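See below for the structure under consideration.
The values are calculated or read from the model by the stated rules, or taken from the named source; none is laboratory data. Computed from a predicted model, the values in this text were never measured in an experiment. For neighbour counting, all protein chains shown are included, and Cβ atoms are generated from backbone atoms with ideal geometry for every residue, glycine included. Only protein heavy atoms, including side chains, enter the accessible area calculation; ligands, DNA and RNA are left aside. Shrake-Rupley method; radii C 1.70, N 1.55, O 1.52, S 1.80 Å.
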Amino acid sequence: GGDEFVVVLQGLPLDTSQAAAVTEAVAQKVLQLLGQPHWLAGRSVHSTPSIGITLFQDCDVGVAQLLQRADMAMYQAKQRGRNTWCFFDAGMQAAAQARSALEADLRVALQQRQCLLHFQRIVDAQGRTLGVEALVRWQHPQRGMVSPAEFIAVAEQSGLIVALGQQVLELACAQLAQWAHHPVCAQWSVSVNVSARQFRHPDFVRQVTDTLQETGAKAHLLTLELTESLVMENPEHAAQML
């Protein structure tokens, strides 16, 4: 139609929940882009799109019915106040709303620094502690302790993983600086996992060096853990960053 468009996404994950999460992320990008002001005839014009979503993997309905499902979901998005998206499937919609609520809470958590670190010991063959691995936990004011299995994926999809990773780095370095004053743990190292998005950030190296300087942590006691796939994805860039 004149003001209706269809977007078909290919190459989505086979898992339905993962496919829904990727589709949701694309819908959010479309909302953000179309929500930006456009200059027409010297005037600033805003649009508020409503997006209806339906998945059709292993679906035996025809194209017309698929379009009808997406259309029905779009009208549900309009009823919700426009400028939003809605899944045709009620279960997916509930899961998507839960993800959105979790993302909003995570943004607040990063602002209020609700995340904290737990430490898992790294020992030698004799059981002596050589250092620790920093594991992030989220102390939610209402929900209590939230498992990383719940919020790390949301942080990755929303881009909040960069801010979260920076906070983890700051907490880890601050702990290193504190332990430096205690003979038993003065030489313990702290290992921190680095996400792909965080590693690719153009300011990553500066953020690490600034954090070390601000906290007074000893650089040789900080270990940054990278996945093999992250390094091999772009070996030249990885080598330059390292």
Per DSSP helix of 4 or more residues, -39500 (n - 2.57); summed, then divided by the residues of the chain. What does that give at 222 nm, rounded to the nearest 500?
-15500 deg cm²/dmol
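Under 1.5 on a/c is rounded, so check that first for region 139-242, then, if it is not, pick prolate when a/b is larger than b/c and oblate when it is not; a ≥ b ≥ c are the square roots of the alpha carbon gyration tensor eigenvalues.
Here region 139-242 falls in the oblate category.
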Karplus-derived HN-Hα couplings along region 186-198 (A = 6.51, B = -1.76, C = 1.60, θ = phi - 60°), whole Hz, x at Gly and Pro:
5, 9, 5, 9, 10, 9, 10, 6, 10, 6, 4, 5, 5
Candidate cut points under chymotrypsin sites (Phe, Trp or Tyr not before Pro) in region 158-236, DSSP loop plus at most 14 other Cβ atoms within 10 Å of their own Cβ, are none
Can you work out ³J(HN,Hα) from phi for every residue in region 70-76, in order, using Karplus 6.51 cos²θ - 1.76 cosθ + 1.60 and θ = phi - 60°, giving whole Hz and x for Gly and Pro?
5, 5, 4, 5, 5, 5, 5
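Heavy atoms only, probe 1.4 Å: what % of the accessible area of the chain goes to carbon and sulfur, would you let me know?
That fraction is 54 percent.
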Heavy-atom accessible area ranking, 1.4 Å probe, most first, across Leu130, Leu102, Leu135:
Leu130, Leu135, Leu102
Let me spell out the model: positive unit charges on the Cβ of Lys and Arg, negative unit charges on the Cβ of Asp and Glu, origin at the Cα centre of the chain. What dipole size does that give, in debye rounded to 20?
700 debye
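For the chain, what does the alpha-carbon gyration tensor say about shape, rounded, prolate or oblate, given a ≥ b ≥ c as the root eigenvalues, a/c under 1.5 as rounded, and a/b over b/c as prolate?
Here the chain falls in the prolate category.
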Once phi for every residue in region 62-67 is put through the Karplus expression 6.51 cos²θ - 1.76 cosθ + 1.60 (θ = phi - 60°), the whole-Hz ³J(HN,Hα) values, with Gly and Pro written as x, are x, 4, 4, 6, 4, 5
Provide the net charge surrounding Glu170, with neighbours chosen by a C-beta distance below 12 Å and charges set as Lys +1, Arg +1, Asp -1, Glu -1.
-1
For Ser191, which sequence-distant residues (separation of 5 or more, or a different chain) have an amide H within less than 5 Å of its own amide H, given hydrogens modelled in the peptide plane?
Val132, Glu133, Ala134, Thr223
Tell me which of Pro13, Val136, Ala96 sits at the most positive position along the dipole axis of region 2-142, charges placed on C-beta atoms (Lys, Arg +1; Asp, Glu -1).
Val136
Region 82-137, dipole about Cα centre (Lys/Arg Cβ +1, Asp/Glu Cβ -1), debye to the nearest 20
180 debye
